[in-house]
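Derivation of every value follows stated rules applied to the coordinates shown; laboratory data play no part. Computed from a predicted structure; not experimentally measured. In this analysis, Cβ positions are derived from the backbone assuming ideal geometry, glycine residues included, and neighbour counts consider all displayed protein chains.
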Amino acid sequence: MSAENVENLRRAFEAWNRRDVDGWLEHTAHDFEWIPASPGAVERTVYRGDEEVRRAFAEIWEVWEVFRFDESEIRDLGDSLVWLGRVHARGRTSHVELDHDFAAHLLLRNDEAIRAEAFLTWQEALEAAKVSE
């Protein structure tokens, strides 16, 4: 199942890049939790379930004209995956551009993502997954 989990994660990120929230949610459990990367935040927001995730995605795409992920590597850890890559974004109104490392650690249950936590550095994601470099 490992290769299938990696491919499902790739398809989920491809769905994000198409702004296809249904395509993203196809690869998650209905009680999925998403913790986006939040620079400078004391507490990180947690979105739970399909409707909260839909609402959060809509808010992101309202603010960002471009918000795309480019994969560098996926590490299969058995009961979790670590996605390593870059995020490219441009503000819809501000036109501020971002281009930097991005990572996510996803926990799996029965081949579905049940939790995803995003990070602004690869090192943070690897530490969260308890992977040593």
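Some observations on this one:
- For the chain, the longest principal axis of the Cα atoms and the long axis of helix 49-63 meet at an angle of about 40 degrees.
- Given their separation in residues at 0.36 nm each and the Cα-Cα distance between them, Val131 and Glu52 gain 25.5 nm when the chain is fully extended.
- The angle between the Cα long axis of helix 2-17 and the main principal axis of the chain comes to about 10°, on a 0 to 90 degree scale.
- Sites Glu73 and Thr93 - FRET efficiency at Förster radius 25 Å, r taken between beta-carbons, to 0.05: 0.15
- Footprinting exposure proxy for Phe32, Phe67 (fewest neighbouring C-beta atoms within 10 Å first): Phe67, Phe32
- The chain, helix-only ellipticity at 222 nm - DSSP H runs n ≥ 4, -39,500 (n - 2.57), divided by all residues, nearest 500: -9500 deg cm²/dmol
- For the range 95-109, 3J(HN,Hα) computed residue by residue from phi via the Karplus equation (6.51, -1.76, 1.60; θ = phi - 60°) reads 6, 4, 10, 10, 8, 7, 4, 8, 8, 9, 10, 10, 8, 10, 9 Hz, glycine and proline entered as x.
- (1) 25, 16, 14; (2) 36, 20, 15; (3) 22, 17, 14, with the label sought being that of the calculated semi-axes √(5λ) of the Cα gyration tensor in Å: (3)
- Rel. contact order, % - alpha carbon contacts under 8 angstrom, at least six apart, the chain: 22
- Of the GluC sites (Glu not before Pro) found in the range 4-88, those that fall in a DSSP loop while having at most 10 other beta-carbon atoms within 10 Å are Glu43.
- Of all DSSP bridge pairs formed entirely within the chain, close to 90 percent run antiparallel.
- Taking 0.36 nm per residue of sequence separation and removing the Cα-Cα distance, the Arg11/Glu26 pair yields an extension gain of 4.5 nm.
- Our coupling estimate for the range 19-27, obtained by passing each phi through the Karplus curve with A = 6.51, B = -1.76, C = 1.60 and θ = phi - 60°, is 6, 10, 5, 5, x, 5, 5, 4, 9 Hz, Gly and Pro reported as x.
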